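Working notes, beginning with the structure itself.
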Amino acid sequence: MHTLFEPAREVPVVDEFDICVVGGSCTGVFAAIRAARLGAKVAIVENNGFFGGVATASQVNIWHSVYDIHGEQQIIAGLTTEVTERLKHRNAVWIGAPTDASKYFILHTEELKIELDEMITGAGVRPFLHTRFVAPIVENGRPVAVAIEDKTGRRAVKASYFIDATGDGDLVDRLGYPCYKRSGMQPPTMCAIIRGLDRIKAEYPDFSLSQTVFNPLYPNSLKKGFLWSAGVPGGQGDTMVAGTRVFGVDCSDADQLTKAEMEGRQQVRAICDILRQNFLDEEINPLVALPAKIGIRDTRHARCQHTLTEEEVLYGVRFPDAIANGTYRVDIHNHEAGGILFRYLDGTEVWIDGDGNKDVRRWRAEGEEPTPFYQIPYRSLVPQNGDGNVLIAGRILDADPGAFGAVRVMVNCNQTGEATGVAAYLALNNNAPVEAVEIPKLRQTLAAGGSAII
Ligand SMILES: Cc1cc2nc3c(=O)[nH]c(=O)nc-3n(C[C@H](O)[C@H](O)[C@H](O)COP(=O)(O)OP(=O)(O)OC[C@H]3O[C@@H](n4cnc5c(N)ncnc54)[C@H](O)[C@@H]3O)c2cc1C
(Lines give C-alpha, C1' and ligand atoms only; values in the text may rest on other atoms or scores of the structure.)
Protein backbone atom coordinates (compact mmCIF):
# COMPACT_ATOMS: atom_id res chain seq x y z
CA MET A 1 0.00 0.00 0.00
CA HIS A 2 1.24 3.51 -0.85
CA THR A 3 1.89 5.48 2.36
CA LEU A 4 2.72 9.05 3.34
CA PHE A 5 4.58 10.26 6.39
CA GLU A 6 2.48 12.30 8.82
CA PRO A 7 4.78 14.46 10.93
CA ALA A 8 4.60 14.06 14.71
CA ARG A 9 3.01 17.01 16.49
CA GLU A 10 2.21 18.27 19.94
CA VAL A 11 -1.40 17.79 20.95
CA PRO A 12 -3.11 20.11 23.46
CA VAL A 13 -4.54 18.31 26.49
CA VAL A 14 -8.19 19.25 27.08
CA ASP A 15 -8.24 18.06 30.66
CA GLU A 16 -7.27 15.17 32.88
CA PHE A 17 -9.93 12.70 34.03
CA ASP A 18 -10.12 9.65 36.25
CA ILE A 19 -12.02 7.67 33.63
CA CYS A 20 -12.57 8.23 29.92
CA VAL A 21 -15.34 6.31 28.17
CA VAL A 22 -14.96 6.02 24.41
CA GLY A 23 -18.30 5.52 22.63
CA GLY A 24 -21.59 6.96 23.86
CA SER A 25 -24.37 4.47 23.24
CA CYS A 26 -26.39 3.59 26.36
CA THR A 27 -23.54 1.18 27.12
CA GLY A 28 -21.00 4.00 27.29
CA VAL A 29 -23.36 6.52 28.86
CA PHE A 30 -24.30 4.07 31.61
CA ALA A 31 -20.61 3.33 32.28
CA ALA A 32 -19.88 7.04 32.58
CA ILE A 33 -22.86 7.78 34.82
CA ARG A 34 -22.21 4.90 37.22
CA ALA A 35 -18.56 5.93 37.65
CA ALA A 36 -19.43 9.62 38.03
CA ARG A 37 -22.16 8.94 40.58
CA LEU A 38 -19.54 7.19 42.71
CA GLY A 39 -17.37 10.30 42.61
CA ALA A 40 -15.02 9.80 39.66
CA LYS A 41 -14.19 12.61 37.26
CA VAL A 42 -15.42 11.20 33.95
CA ALA A 43 -15.29 12.12 30.24
CA ILE A 44 -17.27 10.51 27.42
CA VAL A 45 -16.29 10.75 23.76
CA GLU A 46 -19.00 10.18 21.14
CA ASN A 47 -18.74 10.36 17.38
CA ASN A 48 -22.36 11.45 16.85
CA GLY A 49 -23.93 14.71 17.95
CA PHE A 50 -26.07 12.79 20.46
CA PHE A 51 -25.84 9.77 22.74
CA GLY A 52 -27.56 6.41 22.40
CA GLY A 53 -25.64 4.50 19.71
CA VAL A 54 -27.73 1.99 17.75
CA ALA A 55 -30.88 2.91 19.71
CA THR A 56 -30.81 6.52 18.54
CA ALA A 57 -28.44 6.71 15.57
CA SER A 58 -29.90 3.59 13.96
CA GLN A 59 -33.54 3.84 15.21
CA VAL A 60 -33.57 0.41 16.93
CA ASN A 61 -36.30 0.98 19.49
CA ILE A 62 -36.96 -2.22 21.47
CA TRP A 63 -35.49 -3.09 24.85
CA HIS A 64 -36.27 -6.66 25.77
CA SER A 65 -37.46 -8.30 28.95
CA VAL A 66 -36.06 -7.33 32.33
CA TYR A 67 -37.69 -10.40 33.93
CA ASP A 68 -36.79 -14.08 33.98
CA ILE A 69 -38.56 -16.23 31.38
CA HIS A 70 -41.38 -16.98 33.80
CA GLY A 71 -42.05 -13.28 34.23
CA GLU A 72 -41.58 -13.65 38.00
CA GLN A 73 -38.17 -12.33 39.02
CA GLN A 74 -36.78 -8.99 37.88
CA ILE A 75 -33.27 -9.79 36.69
CA ILE A 76 -32.31 -6.45 35.09
CA ALA A 77 -32.67 -3.08 36.81
CA GLY A 78 -30.20 -0.21 37.32
CA LEU A 79 -30.07 2.50 34.68
CA THR A 80 -32.18 0.47 32.24
CA THR A 81 -35.09 0.81 34.65
CA GLU A 82 -34.21 4.42 35.44
CA VAL A 83 -34.36 5.33 31.75
CA THR A 84 -37.65 3.55 31.09
CA GLU A 85 -39.13 5.28 34.15
CA ARG A 86 -37.94 8.66 32.86
CA LEU A 87 -39.38 7.95 29.40
CA LYS A 88 -42.74 7.03 30.95
CA HIS A 89 -43.06 10.62 32.17
CA ARG A 90 -42.72 11.82 28.57
CA ASN A 91 -45.20 9.30 27.12
CA ALA A 92 -42.14 8.05 25.27
CA VAL A 93 -42.25 4.33 26.03
CA TRP A 94 -44.73 1.54 25.46
CA ILE A 95 -44.57 -1.43 27.74
CA GLY A 96 -45.69 -4.72 26.25
CA ALA A 97 -46.37 -8.13 27.70
CA PRO A 98 -45.75 -10.97 25.25
CA THR A 99 -46.86 -14.54 25.88
CA ASP A 100 -44.07 -15.35 28.32
CA ALA A 101 -45.48 -12.67 30.65
CA SER A 102 -42.24 -10.74 30.74
CA LYS A 103 -42.18 -7.17 29.57
CA TYR A 104 -40.50 -5.42 26.67
CA PHE A 105 -40.21 -1.72 26.02
CA ILE A 106 -40.70 0.21 22.80
CA LEU A 107 -38.86 3.48 23.07
CA HIS A 108 -39.30 6.87 21.47
CA THR A 109 -35.63 7.11 20.63
CA GLU A 110 -35.63 10.84 19.86
CA GLU A 111 -36.83 11.41 23.44
CA LEU A 112 -34.14 8.97 24.59
CA LYS A 113 -31.48 11.29 23.15
CA ILE A 114 -32.70 14.14 25.36
CA GLU A 115 -32.99 11.95 28.48
CA LEU A 116 -29.41 10.75 28.01
CA ASP A 117 -28.22 14.37 27.69
CA GLU A 118 -29.94 15.20 30.96
CA MET A 119 -28.54 12.16 32.75
CA ILE A 120 -24.99 12.88 31.57
CA THR A 121 -25.31 16.49 32.70
CA GLY A 122 -26.93 15.49 36.00
CA ALA A 123 -24.05 13.11 36.80
CA GLY A 124 -21.46 15.77 36.04
CA VAL A 125 -19.85 13.82 33.18
CA ARG A 126 -17.89 15.92 30.65
CA PRO A 127 -19.42 15.17 27.23
CA PHE A 128 -17.52 15.36 23.95
CA LEU A 129 -20.02 15.13 21.08
CA HIS A 130 -19.18 15.18 17.36
CA THR A 131 -15.86 13.85 18.59
CA ARG A 132 -14.02 10.88 17.19
CA PHE A 133 -11.48 8.88 19.12
CA VAL A 134 -8.58 8.44 16.71
CA ALA A 135 -5.64 6.98 18.62
CA PRO A 136 -4.47 5.97 22.07
CA ILE A 137 -1.49 7.86 23.48
CA VAL A 138 0.78 5.45 25.29
CA GLU A 139 3.56 6.29 27.72
CA ASN A 140 5.77 3.68 29.37
CA GLY A 141 3.75 0.93 27.71
CA ARG A 142 0.42 2.06 29.11
CA PRO A 143 -2.37 4.26 27.67
CA VAL A 144 -2.43 7.68 29.34
CA ALA A 145 -4.71 9.57 26.96
CA VAL A 146 -6.87 9.28 23.87
CA ALA A 147 -6.31 11.53 20.86
CA ILE A 148 -9.60 12.94 19.62
CA GLU A 149 -10.58 14.88 16.52
CA ASP A 150 -13.39 17.39 16.75
CA LYS A 151 -14.35 20.78 15.33
CA THR A 152 -11.58 22.37 17.37
CA GLY A 153 -8.96 20.09 15.87
CA ARG A 154 -6.86 17.32 17.33
CA ARG A 155 -6.74 17.20 21.13
CA ALA A 156 -5.92 14.76 23.89
CA VAL A 157 -8.12 13.61 26.77
CA LYS A 158 -5.96 12.29 29.61
CA ALA A 159 -7.32 9.67 31.99
CA SER A 160 -6.20 7.01 34.43
CA TYR A 161 -8.68 4.37 33.18
CA PHE A 162 -10.44 3.83 29.84
CA ILE A 163 -13.57 2.00 28.77
CA ASP A 164 -13.94 0.96 25.14
CA ALA A 165 -17.66 1.13 24.30
CA THR A 166 -17.21 1.83 20.59
CA GLY A 167 -19.06 -1.28 19.40
CA ASP A 168 -16.16 -1.97 17.02
CA GLY A 169 -13.37 -2.09 19.62
CA ASP A 170 -11.58 0.90 18.11
CA LEU A 171 -9.60 1.59 21.29
CA VAL A 172 -8.51 -1.96 22.09
CA ASP A 173 -7.69 -2.64 18.43
CA ARG A 174 -5.51 0.46 18.18
CA LEU A 175 -3.82 -0.48 21.44
CA GLY A 176 -2.88 -3.75 19.77
CA TYR A 177 -4.81 -5.90 22.26
CA PRO A 178 -5.86 -9.31 20.94
CA CYS A 179 -9.11 -8.99 18.99
CA TYR A 180 -10.96 -11.21 16.55
CA LYS A 181 -13.59 -10.98 13.83
CA ARG A 182 -15.64 -13.93 12.64
CA SER A 183 -15.94 -14.78 8.97
CA GLY A 184 -19.71 -15.07 9.42
CA MET A 185 -20.50 -11.70 11.00
CA GLN A 186 -24.19 -10.98 11.43
CA PRO A 187 -25.27 -8.56 8.65
CA PRO A 188 -26.11 -4.88 9.25
CA THR A 189 -29.60 -3.46 8.71
CA MET A 190 -30.71 -0.02 7.57
CA CYS A 191 -33.87 0.74 9.53
CA ALA A 192 -36.35 3.47 8.60
CA ILE A 193 -39.41 5.18 9.99
CA ILE A 194 -42.26 4.54 7.59
CA ARG A 195 -45.76 5.99 7.49
CA GLY A 196 -48.94 4.67 5.93
CA LEU A 197 -48.87 1.05 7.05
CA ASP A 198 -52.03 1.49 9.14
CA ARG A 199 -53.77 2.87 6.07
CA ILE A 200 -52.66 -0.10 3.97
CA LYS A 201 -53.82 -2.52 6.68
CA ALA A 202 -57.23 -0.85 6.74
CA GLU A 203 -57.61 -1.33 3.01
CA TYR A 204 -55.89 -4.75 2.74
CA PRO A 205 -56.60 -6.64 6.00
CA ASP A 206 -54.36 -9.58 4.97
CA PHE A 207 -51.42 -7.31 4.22
CA SER A 208 -48.09 -8.43 5.68
CA LEU A 209 -45.12 -6.12 5.23
CA SER A 210 -42.72 -9.00 5.63
CA GLN A 211 -44.40 -11.16 2.97
CA THR A 212 -44.63 -8.18 0.67
CA VAL A 213 -41.07 -6.85 0.68
CA PHE A 214 -39.52 -10.30 0.16
CA ASN A 215 -42.08 -11.35 -2.48
CA PRO A 216 -40.20 -11.94 -5.76
CA LEU A 217 -43.39 -11.02 -7.65
CA TYR A 218 -42.40 -7.40 -7.04
CA PRO A 219 -39.46 -6.51 -9.31
CA ASN A 220 -37.76 -4.42 -6.59
CA SER A 221 -38.29 -6.99 -3.78
CA LEU A 222 -35.49 -7.58 -1.27
CA LYS A 223 -33.39 -10.70 -1.02
CA LYS A 224 -35.31 -13.01 1.34
CA GLY A 225 -34.70 -12.13 4.94
CA PHE A 226 -36.36 -11.38 8.23
CA LEU A 227 -38.35 -8.25 8.94
CA TRP A 228 -39.63 -6.86 12.19
CA SER A 229 -41.21 -3.54 12.97
CA ALA A 230 -42.44 -1.53 15.94
CA GLY A 231 -44.60 1.54 16.32
CA VAL A 232 -43.21 4.81 17.61
CA PRO A 233 -44.64 5.73 21.03
CA GLY A 234 -46.67 8.90 20.85
CA GLY A 235 -46.40 8.86 17.05
CA GLN A 236 -49.11 9.32 14.47
CA GLY A 237 -49.05 5.81 13.01
CA ASP A 238 -45.34 5.87 12.23
CA THR A 239 -43.57 2.50 12.22
CA MET A 240 -39.91 1.67 12.68
CA VAL A 241 -39.13 -1.02 10.11
CA ALA A 242 -36.04 -3.24 10.29
CA GLY A 243 -36.17 -5.35 7.13
CA THR A 244 -33.11 -4.63 5.01
CA ARG A 245 -29.81 -6.50 5.21
CA VAL A 246 -26.50 -5.86 3.55
CA PHE A 247 -24.64 -9.15 3.20
CA GLY A 248 -20.91 -9.75 3.12
CA VAL A 249 -19.72 -6.47 4.64
CA ASP A 250 -17.43 -5.79 7.59
CA CYS A 251 -18.63 -2.46 8.98
CA SER A 252 -15.41 -1.93 10.93
CA ASP A 253 -13.76 -1.42 7.54
CA ALA A 254 -14.32 2.18 6.37
CA ASP A 255 -14.89 1.38 2.70
CA GLN A 256 -17.23 -1.49 3.42
CA LEU A 257 -19.16 0.68 5.89
CA THR A 258 -19.63 3.30 3.17
CA LYS A 259 -20.90 0.63 0.79
CA ALA A 260 -23.25 -0.76 3.44
CA GLU A 261 -24.75 2.67 4.21
CA MET A 262 -25.53 3.34 0.56
CA GLU A 263 -26.82 -0.13 -0.24
CA GLY A 264 -28.95 -0.10 2.91
CA ARG A 265 -30.61 3.14 1.85
CA GLN A 266 -31.31 1.69 -1.61
CA GLN A 267 -33.08 -1.23 0.06
CA VAL A 268 -35.21 1.16 2.12
CA ARG A 269 -36.13 2.95 -1.09
CA ALA A 270 -37.11 -0.41 -2.61
CA ILE A 271 -39.45 -1.10 0.35
CA CYS A 272 -41.04 2.34 -0.01
CA ASP A 273 -41.43 1.95 -3.77
CA ILE A 274 -43.19 -1.40 -3.37
CA LEU A 275 -45.62 0.28 -0.96
CA ARG A 276 -46.17 3.34 -3.17
CA GLN A 277 -46.56 1.46 -6.41
CA ASN A 278 -48.80 -1.30 -5.12
CA PHE A 279 -50.61 -0.22 -1.97
CA LEU A 280 -50.55 3.56 -1.54
CA ASP A 281 -51.45 6.48 -3.66
CA GLU A 282 -48.18 7.18 -5.55
CA GLU A 283 -48.44 10.78 -4.36
CA ILE A 284 -47.85 9.58 -0.81
CA ASN A 285 -44.25 9.13 0.24
CA PRO A 286 -44.09 6.62 3.12
CA LEU A 287 -40.50 7.45 4.06
CA VAL A 288 -40.48 9.64 7.19
CA ALA A 289 -36.89 9.30 8.40
CA LEU A 290 -33.71 7.40 7.71
CA PRO A 291 -31.29 6.71 10.56
CA ALA A 292 -28.04 8.62 10.98
CA LYS A 293 -26.18 5.33 10.68
CA ILE A 294 -26.79 1.80 9.44
CA GLY A 295 -27.47 -0.59 12.34
CA ILE A 296 -24.39 -2.72 12.88
CA ARG A 297 -24.86 -6.06 14.62
CA ASP A 298 -21.41 -7.55 14.66
CA THR A 299 -17.80 -6.63 13.94
CA ARG A 300 -14.71 -6.91 16.13
CA HIS A 301 -14.52 -8.58 19.54
CA ALA A 302 -11.89 -8.22 22.24
CA ARG A 303 -10.24 -11.42 23.41
CA CYS A 304 -10.96 -11.33 27.13
CA GLN A 305 -10.25 -13.41 30.20
CA HIS A 306 -13.37 -15.48 29.53
CA THR A 307 -15.12 -16.33 26.26
CA LEU A 308 -18.81 -16.69 27.01
CA THR A 309 -20.23 -19.77 25.28
CA GLU A 310 -23.66 -20.61 23.93
CA GLU A 311 -23.78 -23.61 26.25
CA GLU A 312 -23.20 -21.37 29.28
CA VAL A 313 -25.99 -19.10 28.07
CA LEU A 314 -28.53 -21.79 27.20
CA TYR A 315 -27.95 -23.75 30.41
CA GLY A 316 -27.80 -20.58 32.52
CA VAL A 317 -24.39 -21.24 34.09
CA ARG A 318 -24.02 -19.13 37.25
CA PHE A 319 -20.74 -17.19 37.55
CA PRO A 320 -19.23 -15.94 40.82
CA ASP A 321 -18.28 -12.72 38.97
CA ALA A 322 -21.70 -12.29 37.29
CA ILE A 323 -22.38 -8.63 36.56
CA ALA A 324 -25.36 -8.98 34.22
CA ASN A 325 -28.37 -11.21 33.64
CA GLY A 326 -30.48 -11.79 30.55
CA THR A 327 -33.14 -13.85 28.87
CA TYR A 328 -33.02 -12.70 25.26
CA ARG A 329 -32.89 -15.72 22.96
CA VAL A 330 -29.94 -16.74 20.82
CA ASP A 331 -30.68 -14.79 17.63
CA ILE A 332 -28.32 -15.30 14.70
CA HIS A 333 -29.02 -13.60 11.39
CA ASN A 334 -27.40 -15.66 8.64
CA HIS A 335 -24.47 -13.76 7.21
CA GLU A 336 -25.01 -14.65 3.57
CA ALA A 337 -28.54 -15.92 3.05
CA GLY A 338 -31.70 -14.43 4.46
CA GLY A 339 -32.25 -17.01 7.19
CA ILE A 340 -32.32 -16.64 10.95
CA LEU A 341 -31.93 -18.97 13.92
CA PHE A 342 -33.56 -18.49 17.32
CA ARG A 343 -32.76 -20.66 20.34
CA TYR A 344 -34.95 -19.98 23.36
CA LEU A 345 -34.20 -20.64 27.00
CA ASP A 346 -37.36 -22.78 27.19
CA GLY A 347 -35.65 -25.42 25.03
CA THR A 348 -37.15 -24.67 21.61
CA GLU A 349 -35.35 -23.51 18.50
CA VAL A 350 -36.71 -21.99 15.32
CA TRP A 351 -34.91 -22.04 11.98
CA ILE A 352 -36.20 -19.80 9.22
CA ASP A 353 -34.37 -20.32 5.93
CA GLY A 354 -33.73 -17.79 3.18
CA ASP A 355 -37.04 -18.68 1.53
CA GLY A 356 -39.00 -18.08 4.69
CA ASN A 357 -39.55 -21.78 5.47
CA LYS A 358 -39.85 -22.30 9.20
CA ASP A 359 -38.73 -25.33 11.17
CA VAL A 360 -39.49 -25.53 14.89
CA ARG A 361 -37.49 -28.08 16.92
CA ARG A 362 -36.00 -28.53 20.37
CA TRP A 363 -32.36 -28.08 21.34
CA ARG A 364 -33.12 -29.50 24.76
CA ALA A 365 -34.86 -32.76 25.64
CA GLU A 366 -38.59 -32.54 26.27
CA GLY A 367 -39.37 -32.39 29.99
CA GLU A 368 -36.05 -30.82 31.07
CA GLU A 369 -36.37 -27.70 33.20
CA PRO A 370 -36.10 -24.47 31.17
CA THR A 371 -33.34 -21.97 31.98
CA PRO A 372 -34.87 -18.98 33.77
CA PHE A 373 -32.05 -16.58 32.80
CA TYR A 374 -28.36 -16.51 31.95
CA GLN A 375 -25.45 -14.45 33.24
CA ILE A 376 -22.45 -12.53 31.89
CA PRO A 377 -19.21 -12.66 33.91
CA TYR A 378 -16.97 -9.64 34.53
CA ARG A 379 -14.06 -11.60 32.99
CA SER A 380 -15.71 -11.33 29.54
CA LEU A 381 -15.12 -7.56 29.78
CA VAL A 382 -11.46 -7.68 30.88
CA PRO A 383 -9.11 -7.73 27.86
CA GLN A 384 -6.37 -10.34 27.69
CA ASN A 385 -2.84 -8.90 27.71
CA GLY A 386 -4.19 -5.47 28.65
CA ASP A 387 -2.32 -2.77 30.52
CA GLY A 388 -4.48 -2.92 33.63
CA ASN A 389 -6.39 0.28 32.91
CA VAL A 390 -8.70 -0.62 30.00
CA LEU A 391 -12.07 -2.41 30.06
CA ILE A 392 -14.49 -3.16 27.25
CA ALA A 393 -18.30 -3.02 27.26
CA GLY A 394 -21.15 -3.67 24.84
CA ARG A 395 -21.16 -5.85 21.76
CA ILE A 396 -17.34 -6.04 21.63
CA LEU A 397 -17.48 -8.53 24.51
CA ASP A 398 -15.84 -11.92 24.18
CA ALA A 399 -18.47 -14.51 23.23
CA ASP A 400 -18.86 -17.38 20.78
CA PRO A 401 -21.41 -16.87 17.96
CA GLY A 402 -24.34 -18.38 19.87
CA ALA A 403 -23.68 -16.56 23.13
CA PHE A 404 -23.12 -13.34 21.22
CA GLY A 405 -26.44 -13.85 19.41
CA ALA A 406 -28.15 -13.65 22.82
CA VAL A 407 -26.14 -11.16 24.87
CA ARG A 408 -25.76 -8.54 22.12
CA VAL A 409 -29.11 -6.90 22.86
CA MET A 410 -29.26 -3.53 24.59
CA VAL A 411 -30.61 -4.52 28.00
CA ASN A 412 -27.54 -6.76 28.27
CA CYS A 413 -25.04 -4.26 26.82
CA ASN A 414 -26.44 -1.63 29.23
CA GLN A 415 -25.44 -3.81 32.18
CA THR A 416 -21.94 -4.38 30.84
CA GLY A 417 -21.57 -0.61 30.65
CA GLU A 418 -22.69 -0.16 34.24
CA ALA A 419 -20.36 -2.93 35.41
CA THR A 420 -17.30 -1.45 33.71
CA GLY A 421 -18.06 2.03 35.05
CA VAL A 422 -18.22 0.68 38.60
CA ALA A 423 -15.19 -1.59 38.10
CA ALA A 424 -13.08 1.25 36.72
CA TYR A 425 -14.05 3.37 39.73
CA LEU A 426 -13.08 0.59 42.17
CA ALA A 427 -9.77 0.02 40.38
CA LEU A 428 -9.09 3.76 40.51
CA ASN A 429 -9.92 3.92 44.19
CA ASN A 430 -7.46 1.12 44.97
CA ASN A 431 -4.93 2.30 42.40
CA ALA A 432 -5.12 -1.25 41.11
CA PRO A 433 -5.36 -2.94 37.71
CA VAL A 434 -8.83 -3.77 36.41
CA GLU A 435 -7.92 -7.46 36.65
CA ALA A 436 -7.57 -7.06 40.43
CA VAL A 437 -11.02 -5.59 41.12
CA GLU A 438 -12.50 -7.40 44.12
CA ILE A 439 -15.49 -9.22 42.74
CA PRO A 440 -17.66 -9.18 45.92
CA LYS A 441 -17.06 -5.41 46.17
CA LEU A 442 -17.92 -4.94 42.48
CA ARG A 443 -21.17 -6.86 42.81
CA GLN A 444 -22.02 -5.14 46.09
CA THR A 445 -21.39 -1.65 44.62
CA LEU A 446 -23.44 -2.48 41.53
CA ALA A 447 -26.32 -3.67 43.70
CA ALA A 448 -26.07 -0.59 45.94
CA GLY A 449 -26.39 1.57 42.81
CA GLY A 450 -29.61 -0.17 41.75
CA SER A 451 -28.44 -3.09 39.60
CA ALA A 452 -30.08 -6.50 39.88
CA ILE A 453 -27.17 -8.63 41.05
CA ILE A 454 -27.97 -12.32 41.51
C1 LIG B 1 -30.83 -3.67 12.99
C2 LIG B 1 -30.58 -4.07 14.40
C3 LIG B 1 -31.63 -4.48 15.17
C4 LIG B 1 -31.43 -4.79 16.50
N5 LIG B 1 -32.51 -5.09 17.27
C6 LIG B 1 -32.37 -5.03 18.60
C7 LIG B 1 -33.49 -4.98 19.43
O8 LIG B 1 -34.62 -5.03 18.98
N9 LIG B 1 -33.28 -4.85 20.77
C10 LIG B 1 -32.03 -4.80 21.29
O11 LIG B 1 -31.89 -4.65 22.50
N12 LIG B 1 -30.95 -4.89 20.54
C13 LIG B 1 -31.08 -4.97 19.20
N14 LIG B 1 -29.98 -4.96 18.41
C15 LIG B 1 -28.63 -5.10 19.01
C16 LIG B 1 -28.17 -3.88 19.75
O17 LIG B 1 -28.79 -2.72 19.26
C18 LIG B 1 -26.65 -3.71 19.68
O19 LIG B 1 -25.98 -4.94 19.83
C20 LIG B 1 -26.20 -2.81 20.82
O21 LIG B 1 -26.86 -1.57 20.71
C22 LIG B 1 -24.70 -2.60 20.77
O23 LIG B 1 -24.36 -1.61 21.70
P24 LIG B 1 -22.90 -1.05 21.79
O25 LIG B 1 -22.94 -0.03 22.84
O26 LIG B 1 -21.92 -2.14 21.93
O27 LIG B 1 -22.61 -0.42 20.36
P28 LIG B 1 -23.29 0.85 19.55
O29 LIG B 1 -24.71 0.94 19.93
O30 LIG B 1 -22.89 0.58 18.18
O31 LIG B 1 -22.53 2.07 20.18
C32 LIG B 1 -21.22 2.40 19.89
C33 LIG B 1 -21.08 3.89 20.07
O34 LIG B 1 -19.71 4.26 19.95
C35 LIG B 1 -19.58 5.35 19.06
N36 LIG B 1 -18.27 5.23 18.43
C37 LIG B 1 -17.81 4.22 17.65
N38 LIG B 1 -16.56 4.44 17.28
C39 LIG B 1 -16.21 5.63 17.81
C40 LIG B 1 -15.01 6.40 17.76
N41 LIG B 1 -13.94 5.99 17.11
N42 LIG B 1 -15.00 7.59 18.43
C43 LIG B 1 -16.09 8.02 19.10
N44 LIG B 1 -17.24 7.33 19.18
C45 LIG B 1 -17.28 6.14 18.54
C46 LIG B 1 -20.73 5.19 18.08
O47 LIG B 1 -21.05 6.41 17.45
C48 LIG B 1 -21.83 4.67 19.00
O49 LIG B 1 -22.57 5.70 19.59
C50 LIG B 1 -30.14 -4.71 17.05
C51 LIG B 1 -29.04 -4.32 16.26
C52 LIG B 1 -29.26 -3.99 14.95
C53 LIG B 1 -28.12 -3.51 14.16
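The values are calculated or read from the model by the stated rules, or taken from the named source; none is laboratory data. Here the structure is a predicted model, which means the values were calculated and not measured. Cβ: placed from backbone, ideal geometry, glycine included. Neighbour counts: every protein chain shown. Just the protein is used for accessible areas: all its heavy atoms, side chains included, with ligands, DNA and RNA removed. Shrake-Rupley method; radii C 1.70, N 1.55, O 1.52, S 1.80 Å.
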Toward the positive end of the charge dipole of the chain, about the Cα centre and with charges on Cβ (Lys, Arg +1; Asp, Glu -1), which of TYR344, TYR177, ASN278 goes farthest?
-> TYR177
Mind checking which aspartates and glutamates have their C-alpha under 18 Å from LYS259, skipping anything on the same chain fewer than 8 residues away?
-> ASP168, ASP250, ASP298, GLU336
Identify all lysines with a Cα-Cα distance to LYS158 below 23 Å; exclude those on the same chain that are fewer than 8 residues away in sequence.
-> LYS41
Under-5 Å amide H pairs with VAL21, H placed in peptide plane, nonlocal only | ALA43, ILE44, VAL45, ILE163
Calc'd 3J(HN,Hα), region 8-20, phi into Karplus 6.51 cos²θ - 1.76 cosθ + 1.60 (θ = phi - 60°), Hz, glycine/Pro = x, comes to 5, 8, 7, 10, x, 8, 5, 5, 10, 10, 6, 9, 10
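Given axes a ≥ b ≥ c from the Cα gyration tensor, I'd like to know whether region 301-350 is rounded (a/c under 1.5), prolate (a/b larger than b/c) or oblate.
oblate
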Considering only DSSP states other than H, G, I, E and B, which trypsin sites (Lys or Arg not before Pro) in region 147-181 qualify as loop sites with at most 13 other Cβ atoms within 10 Å?
-> LYS151
Any chance you could look up the accessible area of CYS179 with a 1.4 Å probe, heavy atoms only, rounded to 10 Å²?
-> 50
GLY338 long-range amide H proximity, modeled H, under 5 Å | GLY354
Rounded tilt (10° steps) of 439-448 against the dominant C-alpha axis of the chain | 60
Using just the helices of the chain, give the 222 nm mean residue ellipticity in deg cm²/dmol: DSSP H runs with n ≥ 4 each add -39,500 (n - 2.57), and the total is spread over all residues, rounded to 500.
-> -8500 deg cm²/dmol
Surface accessible to a 1.4 Å probe, per residue, for the residues of the chain, Å² = 42
Helix 254-278 axis, angle to the chain major axis (alpha carbon atoms, nearest 10°) = 30
With a 1.4 Å probe and all protein chains in place, put LEU107, LEU38 in order of accessible area, largest first.
-> LEU38, LEU107
Rounded to the nearest 20 Debye, what is the dipole magnitude of the chain about its Cα centre when Lys and Arg each give +1 and Asp and Glu each give -1 at the C-beta?
-> 480
Of the options VAL411, GLN384, GLY421, report the single residue whose Cα projects farthest towards the positive end of the charge dipole of region 293-446 (beta-carbon charges: Lys, Arg +1; Asp, Glu -1).
-> GLY421
Tail beyond 19 Å, pair distance distribution of region 192-289 (Cα, percent) = 43
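Give me the one-decimal Kirkwood hydrodynamic radius in Å for the chain, with the sum taken over alpha-carbon pairs.
Hydrodynamic radius (Kirkwood, Cα pairs) of the chain is 22.6 Å.
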Give the shape of region 1-54 as rounded, prolate or oblate, defined through the alpha-carbon gyration tensor: a ≥ b ≥ c are the square roots of its eigenvalues, a/c under 1.5 means rounded, and otherwise the shape is prolate if a/b is larger than b/c and oblate if not.
-> oblate
Among all the aspartates and glutamates, which ones have a C-alpha under 16 Å from LYS113's C-alpha, if same-chain residues fewer than 8 places away are not counted?
-> GLU46, GLU82, GLU85
Under the definition of Cα pairs under 8 Å and six or more residues apart, what whole-number percent is the relative contact order of the chain?
-> 21
Using alpha-carbon positions, what is the distance between the centroids of region 148-181 and region 113-147, in Å?
-> 9
Using +1 on the beta carbon of Lys and Arg, -1 on that of Asp and Glu, and nothing else charged, what's the dipole of region 192-289 about the Cα centre, debye to 20?
-> 180
Once Lys and Arg get +1 and Asp and Glu get -1 on their Cβ, which of LEU227, LEU287, VAL241 lies farthest toward the positive end of the dipole of region 192-289?
-> LEU227
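Placing unit charges on C-beta atoms (Lys and Arg positive, Asp and Glu negative, everything else neutral), compute the dipole magnitude of region 1-87 about its Cα centre in debye, rounded to 20.
Charge dipole of region 1-87: 80 debye, to the nearest 20.
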Over region 192-289, relative contact order from alpha-carbon pairs under 8 Å, at least 6 apart, % | 35
Of LYS201/LYS293; LYS103/LYS293; LYS223/LYS358, those spanning more than 23 Å from alpha-carbon to alpha-carbon = LYS201/LYS293; LYS103/LYS293
Mind grabbing the accessible area of HIS306 for me, 1.4 Å probe, Å², rounded to tens?
-> 30
Tilt relative to the chain, helix 410-430 - C-alpha long axis, 0 to 90 degrees, to 10 = 0
Residue-by-residue Karplus 3J(HN,Hα) for region 286-294, coefficients 6.51, -1.76, 1.60, Hz, glycine and proline x = x, 7, 9, 7, 9, x, 5, 8, 4
Once label points are set 7 Å from the Cα along Cα→Cβ at both ARG154 and GLU366, what is their separation, rounded to one decimal in nm?
-> 6.6
